[in-house]
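Here is the structure we will look at.
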Amino acid sequence: MTENNENTDKADKNSLGGDLILPIAAFIFTLYYFYTIIDVPRIAQISAFFVGIILIFLIGLLAIRIGREVKAGTADLRLGGIIEPRSFIPKRLALLALTLGFIIFVQWLGFTLTVFTFLSLAMLLLGNGRNKGFVFAIAGILSFGGYLLFIVAFKTRFPAGPFEQLMERLF
Amino acid sequence: MEFDPALFIDLFARTFTFWWVILPAIFLGLIVGAIPGFSAANTIIILLPMTLAMDPEVGLIFMVALYASSRMGAGIPAILVNIPGTAGAAATPLDGYPMTKQGRGQQALAISFVSSVFGGLLATIITLLAMPWLSQVAFYLHSVEMIVIMLFGISLIATIAARDTLKGLIAGFFGLMIGYIGADVVYETPRGTFGFLELYDKVPLIPALVGLFAVSEAFFVIEGESILSKRGKEAMQKAGWAATIEGVKIALSKWWHIIWTSMIGLVIGVVPGAGAAIAAFVAYQQSRAFSKTPELYGTGHVEGLIAPESANNGVTSGTLVPLLVIGIPGGATAAIMLVVLQYHGVTMGPDLFMESPELAYGPFAAMAVTYFIMIFTILPLARYMSRITVVSTIYMSPIIISFTLVGAFVPRQYMFDMYLALVFGVIGYVARKTGYHTAAILIGVILGPLLETYFLRALKMSEGDIMVIFSKDLANVLWVGLVISLCIPYAMQRWRAWKAAA
Amino acid sequence: MARTALDNWEKIMFDDYFDELDRRRFLAGSAAVAGAGLLTGLPSAEALANKFPSRNIKVYVPTREGGGADRNLRAFSSIWKKYLKVNFEVSFYPGAAGRVGYEKYMGLAKEDGHDLLFGNMGPEVLNWVVKKPTFNVADLVYFAQMDRDPGIIFVGRKSKFTHIDQIVAEGKKRTIQVGVSRLAHPATLGVLALGRHTGAKFNVIPLSGGKNTRAGVATGEMDCGALPSGGIARRGKNFRILAIFDNTNPIPDKIKDAVLVNKHFGMNLPPLIAGARAFGIKKSVIEKQAHHFKILKDTANMVFNDPEYREVLKKTKVPMALFTKSSSPEEIAKYVKDITAIGEQYRDLLTGKS
């Protein structure tokens, strides 16, 4: 696994704000989950209550641990590791947007065109626009290969777009 | 079901003459095993018209070969790019991927291949010899016993994040809570579904798997040039055939480890519905518990790679046992084999061994021969497969994202599942960046619902008496075993400290 | 659609691959049928524009591809398209015991008669007893019921029970564990009713699907099981059927020693048909496009009377007696009413609110 928060912030203080994101999400989710099972049969509650209460307890322990470190002045609640290295924030957000775009547009563009567009744009984004020809070639080969494998061979019912419809009409 | 050497020799010799079926099946299996969302089961369905047209024996050999090799194929992306192709390979990246990052991808593949092949081969042979006894396992491991077996696997979350146990536990329990999303198995009351009908049947596994591992990885690695560390890249560029040979040697030197972890897989595989994921996690947990160097697990430790790989291949022949003996398939792929066999008028059950032993034992012979052929065909490929790790992240990340999103879509063909993969990708990314163990979350997501299923079933059977979990002798033995295996690493640590001091 | 193959993922139940096989098998047969359809001549585009149906029939199936509904639908539509002169486009929406498919149909389907649903009425109607859907249940009407497969009680071949009376007698001494596919299921209701009537203590354990239920019975964790008859009768070597929740034994050549629950115990249960696959259509279509629905209904009746249809059914390998020979809306309405009513009686047990 690739946990590496230890070497991301070499400032005087340990930034532990990021460490709280997941526990807070888990805490909120657990409360929401409890809310949804208030009124269900006991059998459907029992193991979730058991696990959920332990989880909240563990989160409490972590909060105490972090609280102590902050109080002792050895740590603060800045986001730290999660946004480091900062130079990559725009790229990462752009990649996230492209990924979201992939999922949204695949319904209209279909498998092949979406994969091609996504691969091209993402590779150009990460490579700062270098090797355009190579990028388009790779994206073309992979998206067409994917079309042959997933749609033609494995008959996956991926949303059909203009390309798939054209191919279907041709063959 | 007596053992008759002449029958077996004849059977093996005969199966070898079908190498022309086995070979293409092996390569197809490797490919579908390596793509998340695909697996032997759905490939066999797609190819069913072809399989049915084949002679029953040929069809069966084809399916078995495909099944065995897909198991191995799932380990390849797990080791090289941290993407387990199926749930059964979810424990493989724990030590396989760190090895890759150190530039030992080729070696890791070789180790994985050798432990898969020998684990699978051994389990197959044991199955052949011990079929009458093995077939009884399913009659003893009922819900209560399965609860404890699940806990063996789940206890991994306590030890997996050795660097920060508290964070590891939070990740694991968060995973369990996520795994509890969906309708309960008794009254079908939806819980924690955010109102999505798509989550009624629990969190679908592949979107969670590719999200937590692959998508988060793709967002993570763009900081570097390739997924390898600098030193890893140098090691990778120098690596020749020697690395494969080295891997084989290392794996063979751990022969005992391969044997007993594959036996864990075999026994768990015999229980209908249990499967490769739980076997792999339990084997990994046991391997770590009895290791002299538990602290090395998760850093690219050879035993940590051997255990899940030989265990999940041990499962493969195990799932065929209940199919052949009581006509109940042990897993999805076995279920489809049943269809093909019944199509040809073969009725499963104890009579089969008397009436047509060549068909009853045939699948195991085919599996053994497949594993044997794989040694010579797959091993040499490790060197070339591992090259993928030097591909620049500029190209690697987008490819991983697009093709794993496709994989998330494939099993249920809901757009929803692609969004879900992205959500899990974000969770995985945050977890990685802030020192929470994504594998711990995944163990919870995979094993949580299984644990709850067996637990609620037992609870319903006992009409709500929670003490049911201690109501069976065998289960109580397993409880003791669980406690022992949890205490052993701690005890051994103390023992060594005491010895060092003395 | 749910050709899922996440090996070992408990929730994915390949509980009846036989069905899948059979489907593939008769596909070859239906190709010939399709060929015959072509010879009769498809109407011109002009003619299509003026009449119903003017485009392909779209069918929403609330279960996975390759299941019993898929098998039956393909058999029926391969003949029906001959009369409707359009093709069938099938989409599968498995999940939540059929809820996903019904919600999608009621939410997305157009109200012109071209969009239909095809599901298994029994278990799916009981969904609404357990938890109301977002739509009004009365807005969906079933027609053209294809099969009629009653719920049964079965044991493993090696079980010490050889007669239902033994199970009932034992159930008066101790709790009998009965494996069922799910709680909201006609076969489960039969077991609960039998327990209430005889005083035997039956504890129904939902095992999520037919495959798991068979496994639970075969491995001895359950004392007996309750499922539709077809899947068990086909596996006669491994299981024995002891009781039938219907007023006749539909397949006496396959089910030899079973009792009819009503007759044997002097009960008055409605037939608890566990396999009752039929088409569904929005009520609004019937009201607003009455003549479209009439065409659908009339042509469906033609299918039932078509000898070719019987041929296609034979290829499914399901005992022919489990398929209906005709289907009247009144009977279907009564069935839905009966199942709902008995479901309501046991609502507390099904929802755990007792």
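All of the numbers you see were taken from the coordinates with simple rules; none came from a lab. Here the structure is a predicted model, which means the values were calculated and not measured. In this analysis, Cβ positions are derived from the backbone assuming ideal geometry, glycine residues included, and neighbour counts consider all displayed protein chains.
Listed by Cβ neighbour count within 10 Å, with the fewest neighbours leading, B:Thr299, B:Thr244 appear as B:Thr299, B:Thr244. For region C:219-354, the relative contact order comes to 19 percent (Cα pairs under 8 Å, sequence separation of at least 6). Which residues among region C:224-247 fall inside the zone where the amide N is under 17 Å from a point 7 Å beyond the Cα of C:Lys263, along Cα→Cβ? Backbone N within reach: C:241-247.
Against the longest principal axis of chain A, how steep is helix A:89-126, in degrees 0 to 90 to the nearest 10, with axes from Cα atoms? It is inclined by approximately 50 degrees.
With a 10 Å cut-off around each Cβ of A:126-133, the average count of Cβ atoms from other chains is 2.
Against chain C, whose longest principal axis is taken from its Cα atoms, helix C:164-173 shows a tilt of about 50°.
A helix-only calculation puts chain A at -22500 deg cm²/dmol for mean residue ellipticity at 222 nm, using -39500 (n - 2.57) for each DSSP H run of at least four residues, averaged over all residues. With 31 Å as the limit on Cα-Cα distance, the pairs of B:Lys202/B:Lys433; C:Lys51/C:Lys132; C:Lys81/C:Lys254 that go past it are C:Lys51/C:Lys132; C:Lys81/C:Lys254. With the charge dipole of the protein assembly as shown set up from +1 on Lys and Arg Cβ and -1 on Asp and Glu Cβ about the Cα centre, the Cα lying farthest toward the positive end among the listed residues B:Leu66, B:Met385, B:Trp260 is that of B:Met385.
A simple spin-label model places pseudo-atoms 7 Å from Cα toward Cβ; at C:His163 and B:Leu7 they are separated by 3.8 nm. Inter-chain neighbour count for B:400-407: the average number of beta-carbon atoms from partner chains within 10 Å of each residue's beta-carbon is 6.
Straight Cα distances below 17 angstrom link C:Lys172 to the lysines C:Lys160, C:Lys201, with same-chain residues fewer than 8 positions distant left out. Summarising the amide proton neighbourhood of C:Val204: residues at separation of 5 or more, or on other chains, whose placed amide H is nearer than 5 Å comprise C:Val178. Short-range pairs are left out: with C-alpha atoms under 8 Å and at least six residues apart, the relative contact order of chain C is 24 percent. From least to most packed, judged by other beta carbons within 10 angstrom and beginning with the fewest, B:Phe118, A:Phe49, B:Phe38, B:Phe113 follow the order A:Phe49, B:Phe118, B:Phe113, B:Phe38.
Pairs exceeding 22 Å between alpha-carbon atoms, taken from C:Lys131/C:Lys353; C:Lys104/C:Lys211; C:Lys237/C:Lys263: C:Lys104/C:Lys211; C:Lys237/C:Lys263. Lys-Lys pairs in region A:1-150 that are eight or more residues apart or on separate chains and whose Cα atoms lie under 24 Å of each other come to 4.
Report, in listed order, any pair from B:Lys460/C:Lys334; C:Lys283/C:Lys337; C:Lys58/C:Lys317 with a Cα-Cα distance greater than 28 Å. Beyond 28 Å between Cα atoms: B:Lys460/C:Lys334. Straight-distance candidates among the lysines for linking to B:Lys238, with alpha-carbon spacing under 24 Å and chain neighbours fewer than 8 residues away dropped: B:Lys101, B:Lys230, B:Lys249. The dipole here belongs to region A:87-170: it is taken about the Cα centre, uses +1 on the Cβ of Lys and Arg and -1 on the Cβ of Asp and Glu, and is about 200 debye. Among B:Met50, B:Met367, B:Met396, the order by Cβ neighbours within 10 angstrom, fewest to most, reads B:Met50, B:Met396, B:Met367.
Only Cα pairs under 8 Å and 6+ residues apart enter the sum, and on that basis the relative contact order of chain B stands at 29 percent. Across peptide C:106-117, the mean count of Cβ atoms from other chains lying within 10 Å of each residue's own Cβ comes to 0. Here the 3J(HN,Hα) profile of region C:232-247, calculated from phi with Karplus coefficients 6.51, -1.76 and 1.60 at θ = phi - 60°, is 7, 4, 5, 10, x, 6, 9, 10, 10, 8, 10, 8, 10, 8, 7, 8 Hz, Gly and Pro shown as x. Less than 5 angstrom separates the built amide H of C:Gly119 from those of C:Ala278, C:Gly280, all sequence-distant by 5 or more or on a different chain.
Think of chain B as having a plus end and a minus end, set by charges on the Cβ of Lys, Arg, Asp and Glu; of B:Gly85, B:Pro294, B:Ala279, B:Pro294 sits farthest toward the positive end of this dipole.
Given only helices, namely DSSP H runs of n ≥ 4 each adding -39500 (n - 2.57), what is the per-residue ellipticity at 222 nm of chain B, to the nearest 500 deg cm²/dmol? Mean residue ellipticity at 222 nm (helix-derived): -23000 deg cm²/dmol.
Only one residue of B:Pro357, B:Leu30, A:Leu113 has its Cα farthest out toward the positive end of the dipole of the protein assembly as shown, where Lys and Arg carry +1 and Asp and Glu -1 on Cβ, and that residue is A:Leu113. Its Cα centre serving as origin, the protein assembly as shown has a Cβ charge dipole (Lys and Arg +1, Asp and Glu -1) of approximately 820 debye.
Mean-square fluctuations from a GNM of chain A, with a 10 angstrom spring cutoff on Cα atoms, peak among A:Ala26, A:Ala44, A:Ala94 at A:Ala44. About its Cα centre, the dipole of chain B is roughly 1920 debye, where the only charges are +1 on Lys and Arg Cβ and -1 on Asp and Glu Cβ. Ellipticity at 222 nm from helices only: DSSP H runs of n ≥ 4 in chain C, each -39500 (n - 2.57), divided by the residue count, give -13500 deg cm²/dmol. In order along region C:104-118, phi translates into HN-Hα couplings of 5, 4, 5, x, 9, 5, 6, 9, 10, x, 8, 10, 10, 10, 9 Hz, rounded to whole numbers, per the Karplus curve 6.51 cos²θ - 1.76 cosθ + 1.60 with θ = phi - 60° and x for Gly and Pro. For region A:138-146, backbone phi angles converted through the Karplus equation (6.51, -1.76, 1.60; θ = phi - 60°) give residue-by-residue couplings of 4, 4, x, 4, 5, 5, 5, x, x Hz, Gly and Pro being listed as x.
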